[in-house]
Amino acid sequence: MSMKLEHVSYTYMPGTPYEKEALRDVSLEIKKGEFVAVIGHTGSGKSTLVQNLNGLLHPTKGTASLDGVDLSGKTKEAKAARERIGMVFQYPEHQLFAETVYEDIAFGPQNMGLNHDATDARVQEAMKFVGLDFETYAGRSPFSLSGGQMRRVAIAGVVAMNPDYLILDEPSAGLDPGSRNAVFSEVMELYKKKNIGIIMVTHSMEDAAQFAKRMLVVSQGQIIIDGRPGEVFLKEKKRLLEVGMDVPEVYKLADLLRAKGLRLPGEITDAKTLLAEVKKRKGLK
């Protein structure tokens, strides 16, 4: 089971003075169960890439498919395939629209043809999953909630559709540390419990290092690096800097400690692991 881009190019406003090629001959396969981070500077093409992956945009050239079904098709099979790919946008207020939290989360299951009882069960399960009490929040307007709560409602709306893949566009943008941790905790629980594929667009090298198992670096409409985050940050630092990216601070600190003679393993992805390794080598508890 996988989603594929085969020689995909995408051009905005073709045939006009504003024509812009955002993707150029991109081929990619992402399997269910992968956690992939997509990084790149503003205008690199990463958002266009994921919108072609979920069928929101259709390639100008090439094919985007899920399990062999062309996502740009108008058949029942194509519609069903697109419904298996959920997306949470960077700003949840752009995704939320209904008068109540319940109605917003219920929209997807209802659109899939589920009856009232099945939809109600999906809504309650999704709200429980993202930590929103049904009695407290179901009847409230989503626009009366905090930024973190709105993002959780948006995630619940996608969870309620039982997708095989979830695309997250800058999931931590604009959130305070507490809300950020809550959102990522729910995303990781979803990833582990349901073995879905996660594709996360992010500017945060720390988030990519900590959560993703695979990282795609996009520049000028092409994927220029594809590998494990630890491997990329260790071996591709020069190339990352050339395209306006950087490595996480924990990698920089680990490099400084190695330069001082401390023997540390290569792929240290977070501060907690680094601290534990330093203590181990210093004989501290």
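Any read-out appearing in this document is the output of simple, stated calculations on the displayed coordinates, not a laboratory observation. Quick caveat, the model's predicted, so the values are computed rather than measured. For neighbour counting, all protein chains shown are included, and Cβ atoms are generated from backbone atoms with ideal geometry for every residue, glycine included.
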Next item on the list: Work out the charge dipole of region 152-285 with +1 on the Cβ of Lys and Arg and -1 on the Cβ of Asp and Glu about the Cα centre, then indicate which of Ser185, Phe211, Leu264 is farthest towards its positive end.
Entry: Leu264
Checklist line | Listed residues Ile198, Pro163, Ser65: farthest to the positive end of the dipole of the chain (Cβ charges) | finding: Ile198
Note to self: Less than 20 Å apart at the alpha-carbon level, and either on another chain or at least 8 residues along: which aspartates and glutamates does that give for Lys61?
What the structure shows: Glu6, Glu19, Glu21, Asp25, Glu29, Asp70
Check: By how many nm would the segment from Phe97 to Glu29 lengthen if fully extended, with 0.36 nm per residue of separation less the alpha-carbon distance?
Finding: 21.2 nm
Check: Under 17 Å Cα-Cα from Lys260, which lysines qualify once same-chain neighbours fewer than 8 residues away are excluded?
Finding: Lys252, Lys279, Lys280, Lys282
Note to self: With the crude spin-label approximation of a point 7 Å out along Cα→Cβ, what separation in nm comes out for Glu83 versus Arg263?
What the structure shows: 5.8
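Within the chain, which is the longest segment containing none of the chymotrypsin sites (Phe, Trp or Tyr not before Pro) that sit in a DSSP loop and have at most 13 other Cβ atoms within 10 Å? Intermediate values should be presented prior to the final figure.
Details: sites that count: Tyr18, Phe97.
It runs 98-285.
Share of antiparallel DSSP beta bridges in the chain, in percent to the nearest 5?
Working: 20 of 37 bridges.
Approximately 55 percent, going by the DSSP bridge assignments.
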Notebook entry, point to check: Between Ala276 and Lys238, what is the spin-label point distance in nm, taking each point 7 Å from the Cα along the Cα→C-beta axis?
Noted result: 3.4
Checklist line | Neighbour-count order for Lys194, Lys260, fewest beta carbons within 10 angstrom listed first | finding: Lys260, Lys194
Next item on the list: Quote the Stokes-Einstein diffusion coefficient, in whole µm² s⁻¹, for the chain, based on the Kirkwood radius over alpha carbon pairs, a temperature of 10 °C and a viscosity of 1.306 mPa s.
Entry: 78
Checklist line | Contour excess over end-to-end distance, with Cα ends at Leu56 and Ser146 and 0.36 nm allotted per residue | finding: 29.7 nm
Next item on the list: Pull up the cross-link candidates among the lysines for Lys193, meaning alpha carbon to alpha carbon under 28 Å and not fewer than 8 places away within one chain.
Entry: Lys4, Lys31, Lys32, Lys46, Lys79, Lys128, Lys213, Lys272
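Using a Förster distance of 35 Å, how high is the FRET efficiency between His116 and Gln220, based on the Cβ-Cβ distance and rounded to 0.05?
The formula returns an efficiency of 0.10 here.
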